[in-house]
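Written below as structure tokens is the structure these notes are about.
The values are calculated or read from the model by the stated rules, or taken from the named source; none is laboratory data. This structure is a prediction, so every number in the text was calculated from the model and none was measured. When we count neighbours, we look across all protein chains shown, and the Cβ atoms used for this are built from the backbone with ideal geometry, even at glycine. To get the accessible areas, we keep the full protein, side chains included, count just its heavy atoms, and leave off ligands, DNA and RNA. Shrake-Rupley method; radii C 1.70, N 1.55, O 1.52, S 1.80 Å.
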Amino acid sequence: MPPRITTDLMPTRILLLADIHGNFPALAAIAGQLNPASFQFIVNCGDSLVYAPFANETIGWLIAHQAISILGNTDEKVIKFLQGKKVKKPGRAEKRIMYTSTADALGPAEQRYLMALGQSAELSIVPPAGPLPPEPVKIGIFHGSPADPDEFLFADTPDARFHELAKKTDCRIVVTGHSHTPYHKILSGVHFINPGSAGRMFDGDPRISCASLEIAGEAITVRHFRIEYAIDEVVAAIRKQGLPEIYTAMFVQGRKLN
């Protein structure tokens with residue numbers, strides 16, 4: 001995806017999402033509390049699908065809100081199923097059905113949207129002109145890391161690794177997902193941000209996680225949120241579709257159990 005560029009005299013506000021995992025009730029709760037219209041951009045770091053059974057509703061929400069989205073590893077596996085390719089993993093039936101049921105549920109427009117996404121994207125924010133020519137604030141959007149879409153970066157990942165990754169990008173801000181772990185670190189002059197999972201947290205707190213990013217000249221402000229949502233709607237949908245019961249426990253407990 002080519003970089004998107006914006007100039008604005010007002011602060012630029014960006015809603016940061018990752019790892020939605022098909023959880024449309026979670027997106028509805030985020031919209032109810034944070035008001036997407038108050039943000040100039042919505043960034044989604046991938047793994048939009050699989051595990052909560054609201055694939056079409058989730059993609060419809062992303063389309064309606066013109067989110068800047070990329071692929072995550074679960075999305076890529078869904079694409080392989082859609083293309084009829086052999087997929088070895090996940091091999092366990094209770095996990096594999098979460099992918100195949102997602103692929104089977106997607107409508108034609110939702111399939112086209114998914115297949116058009118890339119593994120990364122970039123957004124450039126040009127601050128108002130001052131005494132010197134403005135320097136764009138480049139935001140890199142990745143699933144795992146700038147080096148590897150499957151790399152897990154956690155809050156306790158050694159700083160040395162973030163310093164290494166800072167050398168691999170010319171972005172001042174790097175937004176990632178994949179680890180379902182919220183953090184904000186500033187290392188080697190780069191802001192590394194993970195908003196946490198907007199659909200499936202693993203820390204024992206079932207509330208969803210997302211973040212806001214505000215850029216006002218040289219000031220960069222990040223705020224993380226934990227938001228309650230209608231977990232019972234996810235549980236009811238899993239049971240209605242006859243999907244494995246273990247996933248209802250995962251959403252209720254906010255933990256990964258398999």
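Some observations on this one:
- Length added when fully stretched, HIS163-ASN73, from 0.36 nm per residue minus Cα-Cα: 30.0 nm
- Computing FRET efficiency as 1/(1 + (r/R0)^6) for ALA236 and ARG92, where r is the C-beta to C-beta distance and R0 is 25 Å, gives about 0.55.
- Charged neighbours of ASP75, selected by a Cβ distance under 13 Å, balance to -3 (K, R count +1; D, E count -1).
- Rough spin-label spacing in nm, given labels placed 7 Å along Cα→Cβ, for ARG112 and ARG207: 4.0
- Solvent-accessible area per residue in the range 1-123 equals 44 Å², computed with a 1.4 angstrom probe and all protein chains kept.
- In order along the range 113-119, the phi-based Karplus estimate (6.51 cos²θ - 1.76 cosθ + 1.60, θ = phi - 60°) of 3J(HN,Hα) comes to 4, 4, 6, 8, 6, x, 7 Hz; Gly and Pro are listed as x.
- Calculated P(r) of the chain - Cα pairs past 24 Å, %: 45
- Listed pairs LYS77/LYS256; LYS88/LYS256; LYS95/LYS240; LYS138/LYS185; LYS89/LYS256; LYS85/LYS168 exceeding 24 Å between Cα atoms: LYS85/LYS168
- Under a 5 Å amide H cut-off, with hydrogens placed 1.01 Å from N, GLY46 pairs with ASP19, ILE70 among residues at least 5 apart or on other chains.
- Probe 1.4 Å - accessible area at PHE154, Å² to nearest ten: 80
- Share of carbon and sulfur in the accessible heavy-atom surface of the chain [1.4 Å probe, %]: 53
- Take the Cα of GLN253, step 7 Å toward its Cβ, do the same at GLN40, and the gap between the two points is 4.4 nm.
- Antiparallel content of DSSP bridges confined to the chain, in %, to 5: 60
- Fully extended contour minus Cα-Cα distance, from LYS80 to THR100, at 0.36 nm per residue: 6.2 nm
- Accessible-area rank, largest first, for GLU110, GLU245: GLU245, GLU110, with all protein chains present and a 1.4 angstrom probe.
- Within the full protein context, the accessible area of ARG226 is estimated at about 60 Å² for a probe radius of 1.4 Å.
- For TYR183, the residues whose amide H sits under 5 Å from its own are ASN194, GLY196, ignoring neighbours fewer than 5 places away on the same chain, with H placed 1.01 Å from N.
- Extension gain, ILE63 to ASP150, is 28.8 nm, computed as 0.36 nm per intervening residue step minus the present C-alpha separation.
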